[in-house]
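One structure is given below, encoded as structure tokens.
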Amino acid sequence: MKRLLCVAHGVALAAVRCGCGPFRLRMFYAVRRGRRTGVFLTWNECRAQVDRFPAARFKKFATEDEAWAFVRNSVSPDSSEGQKNKHVQESQVKARKSLREPPGGDSDDSMEPCAKRVKQNTESAPSVGKDTFSYMGDFVIVYTDGCCSSNGRRRARAGIGVYWGPGHPLNVGIRLPGRQTNQRAEIHAACKAIEQAKAQNINKLVLYTDSMFTINGITNWVQGWKKNGWRTSSGKDVMNKEDFVELDELTHGMDIQWMHVPGHSGFIGNEEADRLARQGAKQPED
């Protein structure tokens with residue numbers, strides 16, 4: 001019996017190594033430069049981004065962490081690729097250490113103004129210098145996140161977070177107005193970032209979010225919903241209609257690259273957006 005088990009184990013291990021049979025390992029396809037950058041689960045998805053794209057850069061990995069690390073080398077805010085001038089490059093160098101090292105437990109006040117004060121300032125503040133933003137080519141990079149404690153319950157508290165970079169004056173964490181749910185918080189975090197971008201005359205945006213619901217909604221589902229009179233394929237009313245209507249209207253005139261980043265995986269931009277969202281959820285509703 002032991003011999004049979006060993007033989008079976010050897011066959012399974014060989015199948016894993018050769019990538020065949022039911023033991024085939026999932027691979028992750030990382031696109032560093034292409035029509036859309038990110039991590040894809042199938043070669044067909046990857047090929048759609050890189051086929052005939054000038055100087056495309058992509059690679060296959062056995063783990064998602066390795067794949068994201070490959071993508072992040074060029075698209076994270078501490079990358080120098082695509083920077084336009086010396087001032088942008090200098091700002092990226094200054095930001096690099098903060099982006100790679102999580103802030104200390106007592107550093108919130110020194111790194112960022114309190115969220116409420118940021119909200120007031122951004123509504124009436126003059127234009128922010130272009131060299132204070134992080135870039136991927138001509139596109140400005142921003143991270144957004146939403147959170148909701150006790151989601152789906154009477155005492156739910158939701159907040160939205162928008163993170164532009166270390167100590168950036170547009171970083172904001174505020175309480176979500178209206179119905180308190182996690183999905184609404186994710187959508188309205190993106191809305192807030194786009195509103196801020198428009199106020200700064202920015203029309204090219206790389207928006208990172210860990211919400212595939214938001215990405216799928218605005219890039220795939222919205223067009224079908226509008227054709228169906230804002231009803232789902234099963235004929236039901238779209239639950240977050242008002243939220244997606246607002247997001248859809250805000251995207252008009254904008255060139256937005258929607259990028260998914262795995263939540264709570266050590267990506268500083270996402271972690272900071274999450275921190276700001278949680279900070280916002282603690283505030284009272286206006």
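When LYS60 is tested against (1) within 17 Å of GLY269 (Cβ to Cβ); (2) open to solvent by 50 Å² or more (accessible area, probe 1.4 Å); (3) modelled with pLDDT of 75 or more, only condition (1) is not met.
Taken together, PRO77, PRO54 contain a single residue that is modelled with pLDDT under 70, assigned to a loop (DSSP other than H, G, I, E, B) and over 16 Å from VAL261 (Cα atoms), which is PRO54.
When region 136-155 is filtered for residues that are at pLDDT 90 or above, open to solvent by 10 Å² or more (accessible area, probe 1.4 Å) and touching a helix residue (DSSP H, G or I) at 6+ places or on another chain (Cβ under 9 Å), the ones remaining, listed by number, are TYR143, CYS147, CYS148, SER149.
Select from region 254-278 the residues that are part of a helix (DSSP H, G or I) and either more than 10 Å from the chain's Cα centre (by Cα) or among the hydroxyl-bearing types (Ser, Thr, Tyr) (or both) and list them in ascending order.
If the condition is that a residue be part of a helix (DSSP H, G or I) and either more than 10 Å from the chain's Cα centre (by Cα) or among the hydroxyl-bearing types (Ser, Thr, Tyr) (or both), then ILE268, GLU271, GLU272, ASP274, ARG275, LEU276, ALA277, ARG278 are the ones that fit.
If you check LYS204, LYS198, LYS192 for being open to solvent by 10 Å² or more (accessible area, probe 1.4 Å), in contact (Cβ under 8 Å) with a residue 40 or more places away in the chain, more than 10 Å from THR144 (Cβ to Cβ) and touching a strand residue (DSSP E or B) at 6+ places or on another chain (Cβ under 7 Å), only one passes: LYS204. Selection within region 156-189: residues that are part of a loop (DSSP other than H, G, I, E, B) and of a type in the set (A, V, I, L, M). The member of this set that is surrounded by the most Cβ atoms within 10 Å (Cβ to Cβ) is LEU176.
The values are calculated or read from the model by the stated rules, or taken from the named source; none is laboratory data. The structure presented is a predicted model; accordingly, all values stated were derived computationally and were not measured. For neighbour counting, all protein chains shown are included, and Cβ atoms are generated from backbone atoms with ideal geometry for every residue, glycine included. Accessible surface is based on the protein model in full, side chains and every heavy atom, while ligands, DNA and RNA are left aside. Shrake-Rupley method; radii C 1.70, N 1.55, O 1.52, S 1.80 Å.
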